[in-house]
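Here is the structure we will look at.
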Amino acid sequence: MLPHPSTAPAPAAPALSAIDRLNAVPLSGQQLAAALAMLAMVPASHQDDPHAQALALQAYAADSGFADDALAGAALHARVTALAKWTAAHDPTRQSDPQAVLAAAAQHPLVDTGTGTGTGIGIGFEAAAFQEMVLFLEDLPW
């Protein structure tokens, strides 16, 4: 016998993907700038170590009062990494306005770039849309 519709459990909401969870963390350009400053304080011998970067960013997230410091640290790490990838490929001489780039990096959706090593997943920004957002933000009267 089927349960009456009013007593049947509600269907479960679809689980968010990892990228959706990272995109759901609200960040500002100022927080991203502070995260970059935190990474600059990592000892030179560990600056290329993703684990050391993750620990530094999780500590920053915990000190900043995020409800879920592990998720916020991961979101910061993903956005910093996506920003580094985009800058290396599309603005290596850093001609874009830094404030606009940081604001865009904090708000633009992360996407699966499919360029990960060994995992089949890479996280980054869709390059053309990100560039368009940077240009839009550069035109705003800060």
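Taken as a whole, the condition of being of a type outside the set (S, T, N, Q) and at pLDDT below 95 does not apply to Gly29. Restricting the stretch 70-94 to residues that are of a type in the set (Val, Ile, Thr) and not in a loop (DSSP other than H, G, I, E, B) leaves a set whose member that is farthest from Val25 (Cα to Cα) is Thr87. Out of the stretch 20-43, which residues are farther than 16 Å from Asp68 by Cβ and out of contact with any Phe, Trp or Tyr (no Cβ under 8 Å at 6 or more places or on another chain)? Within the stretch 20-43, Ser28, Gly29, Gln30, Leu32, Ala33, Leu36, Ala37, Leu39, Ala40, Met41, Val42, Pro43 meet the criteria. Within the stretch 123-141, the set of residues being under 28 Å from Ala74 (Cβ atoms) and outside any loop (DSSP other than H, G, I, E, B) comprises Ile123, Gly124, Ala127, Ala128, Ala129, Phe130, Gln131, Glu132, Met133, Val134, Phe136, Leu137. For the stretch 70-92, the set of residues classified as more than 13 Å from the chain's Cα centre (by Cα) and not aliphatic (A, V, I, L, M) consists of Thr87, His90, Asp91, Pro92, listed by residue number. In this structure, Ala100 does not satisfy being among the small types (Gly, Ala, Ser), within 13 Å of Leu22 (Cβ to Cβ) and either in a helix (DSSP H, G or I) or touching a residue at least 12 places away in the same chain (Cβ under 8 Å) (or both). Residues in the stretch 77-109 that are aliphatic (A, V, I, L, M), crowded, with 21+ Cβ neighbours inside 10 Å and out of contact with any Phe, Trp or Tyr (no Cβ under 7 Å at 6 or more places or on another chain): Leu83, Val101, Leu102, Ala103, Ala105, Ala106. With respect to the conditions (1) surrounded by fewer than 15 Cβ atoms within 10 Å (Cβ to Cβ); (2) within 15 Å of the chain's Cα centre (by Cα); (3) not in a helix (DSSP H, G or I), Ala67 lacks only one, and its number is (2). Among the residues of the stretch 57-85, just one is under 17 Å from Gly124 (Cα atoms) and among the polar types (S, T, N, Q), namely Thr81.
Going by the conditions given, is Ser28 out of contact with any strand residue (DSSP E or B) (no Cβ under 8 Å at 6 or more places or on another chain), hydroxyl-bearing (Ser, Thr, Tyr) and surrounded by 13 or more Cβ atoms within 10 Å (Cβ to Cβ)? The answer is no for Ser28.
The values are calculated or read from the model by the stated rules, or taken from the named source; none is laboratory data. These numbers were taken from a predicted model, which means no experiment stands behind them. Cβ sites come from the backbone with ideal geometry, for glycine too, and all protein chains shown count toward neighbours.
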